[in-house]
Amino acid sequence: MGVEHLAPVIPVHHEREAGANADHPMRQVTRQVAFEPGGWTPERRAKVADLFDGLAPEWHTREVEGRYDALLDALDRGDVPTDGPALELGSGTGLSTPLLAEHFGNLIAADLSREMLRLAPGAAAPRVQLDSSCLPFPDGALTVILAINMLLFPQEMARVLAPQGVLVWVNTSGDRTPIHLPADDVVTAMGEGWTGTASEAGTGTWCVTRRT
């Protein structure tokens, strides 16, 4: 188990203070959900859904220069398969969905927040409201899971990924992203028998993890 860290090839367009959101409440939630049994409770699920329902009307303001650098770099250098079913978790109002639909012919966009999904364009991909701790897919049903600024649910993501499937983990603002885990932590959380490829791109970071 380990992570291969590739040298960056996409430069930083504008500097941001490193670790500026280290004390953000969602940072603690992210680590607890990824590493602690019982970290995702019904009460926490309701609070997170309410939070993002409230943020939905202004979510489009996050469309900034360089937002997709890390995602595009992951798809370019992470050896991500483009055939087979792909699931975008935490799709929000669909900022990344049209770009992903260009790469994946069988894409589903999903989010916990009903309001986020209501504001997302329906043409890019089918939209599904779901709780990522209990995905409505059979074991091994998915080729790719795309988690962009998204909580990590290791056991459930591993369950629904096919033996050759991959998880694409992207933090668009790197360690400034409130929902953030470093690549090594993502692979550790996925458990024994997982490995990863990772890099930085612009102000973002990414990791593509798969079974060895």
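Rounded, prolate or oblate, given the Cα gyration tensor of segment 75-170, with a/c below 1.5 counting as rounded?
Note, shape of segment 75-170 comes out oblate.
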Would you mind telling me the share, in percent, of accessible area of segment 36-135 contributed by carbon and sulfur at probe 1.4 angstrom? 53 percent
Quickly estimate the mean residue ellipticity at 222 nm for the chain, helices only: each DSSP H run with n ≥ 4 gives -39500 (n - 2.57), and the total goes over all residues, rounded to 500. -8000 deg cm²/dmol
So, how do all the Cα-to-Cα distances of the chain break down into 10 Å bins, in percent, from 0 on up? 9, 37, 42, 13, 0
Modelled FRET efficiency - R0 30 Å, residue 62 with residue 155, Cβ distances, 0.05 increments: 0.55
Quick check on segment 12-121: take the gyration tensor over C-alpha atoms, sort the square-rooted eigenvalues as a ≥ b ≥ c, and tell me if it's rounded (a/c under 1.5), prolate or oblate. rounded
Qualifying GluC sites (Glu not before Pro) in segment 45-77, DSSP loop, other Cβ atoms within 10 Å at most 14: 63, 65
Please list the three semi-axes, largest first and in whole Å, of the ellipsoid equivalent to segment 84-123, using sqrt of 5 times the eigenvalues of its alpha carbon gyration tensor. 17, 10, 7
Residue-normalised accessible area of the chain, expressed per residue, 1.4 Å probe, Å²: 46 Å²
With R₀ set to 41 angstrom, the calculated FRET efficiency between the beta-carbons of residue 51 and residue 106, to the nearest 0.05, is 0.85
At a Förster distance of 41 Å, what's the computed FRET efficiency of residue 162 paired with residue 31, Cβ-Cβ distance as r, to 0.05? 0.90
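The values are calculated or read from the model by the stated rules, or taken from the named source; none is laboratory data. On a predicted model such as this, the values are computed, not experimentally measured, just so you know. Glycine gets a Cβ as well: all are built from the backbone with ideal geometry, and neighbour counts include every protein chain shown. The accessibility values were calculated without ligands, DNA or RNA, using every heavy atom of the protein model including side chains. Shrake-Rupley method; radii C 1.70, N 1.55, O 1.52, S 1.80 Å.
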